[in-house]
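Asker: First the structure, then my questions, so here it is.
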Amino acid sequence: MTKRQAPSRDELSEPMNKNPKNSPLLWNFHRPHKPWESSHLKVETIKCLRNLSAYRAPKLSGHLPRSRRAAVLVALFIGRGGDLYVILSRRSDALRTYPGDTSLPGGKTENYDHSLENAARREAFEEIGLPLDKSKVPLLCSLEPFLSGNHMLVTPVVVLVLDKSLRPFLNAREVHSIFSHPLYGFLTTLHIREPEPLHKDDDGLSPAYQSTFQDTQKSGSSSSDDVSKEEVQHLSKSYHTFRDITWHNRPVRMHSFLTGREFQGVKPITGLTSAILIRVAQIGYNRDTEFEVNAPGQLSLEDRIAVALFENDVLRKACQNENIDMKEWKKRKRIKDQVKRCEYDK
């Protein structure tokens, strides 16, 4: 058997505007080699990991302004029951933007970030101490960019945490606490009660690893075997809700999922975070949601980006400053008659 050579540094770095389909070596090298071969995994988990590992984000109509790019890390891990969980954080109350919100680790790309993947990994390391070592946290896939409320173009990077001995190290200036949520929960309208943190090593997973990612605050981990009155009241509320808002005279549906920790001050999973995790769950489990994801008449994600590039002052100026050719974005059929007159029209 021919021994595979390690890729060079250039091969490992995905350019911001390069289609991942053109970099097979990047994807094949960093993706985990059958992490689903463990006997304690469920069939649904195995299929989910395979689907995510095989996913390729569709090529966009044109380039995006680098100055408005950001990335978040969707860090998955396998729980003691063989299900997949995603690591979420409660943002610090001292932050100027979105204080106390439930979010994914991530942030704006910097000039020294060689790729969107590197940006997402760097931010996760800075915020919650997730290792940069790709052998411990290998890449599954990267999704298409999402449009955030603060005019950023956010690319979700999906990884799988394999190292069972990891302990989070929280940046108190940015993160109040972290916890986990079942990935499948973003496809359903019903409460999914999370299993209690481990109190013994009953399936080979480190108890510290499992309980830490299920509920970790700055002061450490805590759990209770008793169901409190607050939890009972929480279970009487609707796990999934949504509201339709108007965005550039167009409808957009915003989803919200309860975390089960609202009585501890943790906010529901909403907005961009919920939209990203719905998409990850759809790709992974290859199933429809139990609810309508989009509002009637809602534009596709790429069409919304195209509209924003023309109608949003921040994004339009960013495209101007970076001399981005907008011809291909203009060709988007869904927005051809909707884009307002602007400096790009001739």
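The values are calculated or read from the model by the stated rules, or taken from the named source; none is laboratory data. Since the structure is predicted, the reported quantities are computational estimates derived from the model, not experimental observations. Here the Cβ is made from the backbone with ideal geometry for all residues, glycine too, and neighbour counts use every protein chain on show. Side chains included, ligands, DNA and RNA excluded: accessible areas come from the protein's heavy atoms. Shrake-Rupley method; radii C 1.70, N 1.55, O 1.52, S 1.80 Å.
Asker: Quick one: how many residues across region 173-205 are assigned to a loop (DSSP other than H, G, I, E, B) and modelled with pLDDT of 90 or more?
Answerer: First pass over region 173-205, keeping only residues assigned to a loop (DSSP other than H, G, I, E, B): 173-174, 187-205.
Among the residues that remain, those that are also modelled with pLDDT of 90 or more are: 173-174, 187-189.
So the answer is 5.
Asker: Can VAL72 be described as at pLDDT 95 or above, open to solvent by 10 Å² or more (accessible area, probe 1.4 Å), under 26 Å from ILE305 (Cα atoms) and not basic (Lys, Arg)? Steps first, please.
Answerer: Values: at pLDDT 95 or above: yes; open to solvent by 10 Å² or more (accessible area, probe 1.4 Å): yes; under 26 Å from ILE305 (Cα atoms): yes; not basic (Lys, Arg): yes.
Yes, satisfied.
Asker: Hey, any hits in region 218-238 for a residue that's assigned to a strand (DSSP E or B), open to solvent by 10 Å² or more (accessible area, probe 1.4 Å), modelled with pLDDT under 55 and in contact with a helix residue (DSSP H, G or I) (Cβ under 6 Å, 6 or more places away or on another chain)? So that I can check it myself, show each step before the final result.
Answerer: Filtering region 218-238 for residues assigned to a strand (DSSP E or B) gives 220-221.
Filter once more, keeping what is open to solvent by 10 Å² or more (accessible area, probe 1.4 Å): 220-221.
Okay, now just the ones that are also modelled with pLDDT under 55, so 220-221.
Checking which are in contact with a helix residue (DSSP H, G or I) (Cβ under 6 Å, 6 or more places away or on another chain) leaves us with 221.
Within region 218-238 (the criterion being assigned to a strand (DSSP E or B), open to solvent by 10 Å² or more (accessible area, probe 1.4 Å), modelled with pLDDT under 55 and in contact with a helix residue (DSSP H, G or I) (Cβ under 6 Å, 6 or more places away or on another chain)), the answer is yes, since at least one residue qualifies.
Yes/no matrix, rows are residues, columns are (1) open to solvent by 50 Å² or more (accessible area, probe 1.4 Å); (2) out of contact with any Asp or Glu (no Cβ under 9 Å at 6 or more places or on another chain):
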{"site": "ALA119", "(1), (2)": "no, no"}
{"site": "GLU126", "(1), (2)": "yes, no"}
{"site": "PRO131", "(1), (2)": "no, no"}
{"site": "LEU140", "(1), (2)": "no, yes"}
{"site": "LEU143", "(1), (2)": "no, yes"}
{"site": "LEU147", "(1), (2)": "no, yes"}
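Asker: Take the conditions more than 13 Å from THR273 (Cα to Cα), open to solvent by 20 Å² or more (accessible area, probe 1.4 Å) and in contact with a Lys or Arg (Cβ under 7 Å, 6 or more places away or on another chain) and apply them to ASP83. Does it pass? So that I can check it myself, show each step before the final result.
Answerer: Values: more than 13 Å from THR273 (Cα to Cα): yes; open to solvent by 20 Å² or more (accessible area, probe 1.4 Å): yes; in contact with a Lys or Arg (Cβ under 7 Å, 6 or more places away or on another chain): yes.
Against the criterion (more than 13 Å from THR273 (Cα to Cα), open to solvent by 20 Å² or more (accessible area, probe 1.4 Å) and in contact with a Lys or Arg (Cβ under 7 Å, 6 or more places away or on another chain)), ASP83 qualifies.
Asker: Considering region 296-346 alone, what residues qualify as being modelled with pLDDT of 75 or more, open to solvent by 30 Å² or more (accessible area, probe 1.4 Å), farther than 28 Å from ARG243 by Cα and part of a loop (DSSP other than H, G, I, E, B)?
Answerer: Within region 296-346, GLU322, ASN323, ASP325, LYS331 meet the criteria.
Asker: Out of curiosity, is GLY100 under 17 Å from the mean Cα position of the chain (by Cα), part of a loop (DSSP other than H, G, I, E, B) and closer than 23 Å to THR259 by Cα? Don't jump to the end; show me each part of the working.
Answerer: Working: under 17 Å from the mean Cα position of the chain (by Cα): no; part of a loop (DSSP other than H, G, I, E, B): yes; closer than 23 Å to THR259 by Cα: yes.
No: the conditions fail for GLY100.
Asker: When residues of region 158-184 are filtered for being of a type in the set (Ser, Thr, Tyr), more than 16 Å from GLY265 (Cβ to Cβ) and crowded, with 22+ Cβ neighbours inside 10 Å, how many remain?
Answerer: Result for region 158-184: 1.
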